[in-house]
Every structure is written in structure tokens, then in C-alpha cells.
Amino acid sequence: MKQQYTLAYFLEDLWAKGFKLSDEDVRFIYFGMNSTNAPVWKVIIALKATLQFQHTFDGSFYMGVLEHISKRGINSKRKAWMVLEAKGLSKRKAL
């Protein structure tokens, strides 16, 4: 239960910063988390990457990122971002 609150707080922080997700988007985020059985920290990284590179919520991009970083060998946030950078999604390029 605690992990869901963490994701809920992250989504609430996005809302407070002015990024408004629709109820459908939020349901899809939780659907992705449940369908990939990913821990919350990977869901948050996938969501951050989606918003950073798409500048809006794109469900297919989010699912692609989440499925890619949900692999077994990725066990830290740093490793997840390194894998995304290897795929061409560099945090530096988005800024």
C-alpha cells in the first residue's frame, strides 16, 4: 500500500506544479504499473521520461519506456537512466 501512496504523491506534485493529467491518464499509469508488475520507482522514472521527452503524457511512449526498464537487470535508478540513454533518450538533450 505504501508504494501506491508514493506514486499518488508524485502525481499530486505534478498537479501542484501545473501539469494536469486526466483521470484516464492516471488510470493508464496505474494500469501500466500493474500490467508490468513494476515497482513504483520504475513507474516514476518512466513517467518522468515520458513527460521530459514528449512534453505531454503519451500512453504508448510511457508503456514502451516502462516495459524496457522493467527488465530484471535494472535494479537502480542510475542503471535505468543509463539504459534509456543507451537507447538515445538522454536527459541532457531534453533540457
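Residue 14 satisfies every condition listed in (1) closer than 20 Å to residue 85 by Cα; (2) surrounded by 15 or more Cβ atoms within 10 Å (Cβ to Cβ) except (1).
Taken over the stretch 53-62, the criterion of being under 15 Å from residue 21 (Cβ atoms) and in a helix (DSSP H, G or I) is satisfied by 54, 59, 61, 62.
All of the numbers you see were taken from the coordinates with simple rules; none came from a lab. In this text the structure is predicted, and so the values were computed from the model without any measurement. Don't worry about glycine lacking a Cβ; one is built from the backbone with ideal geometry, like all the others, and counts go over all protein chains shown.
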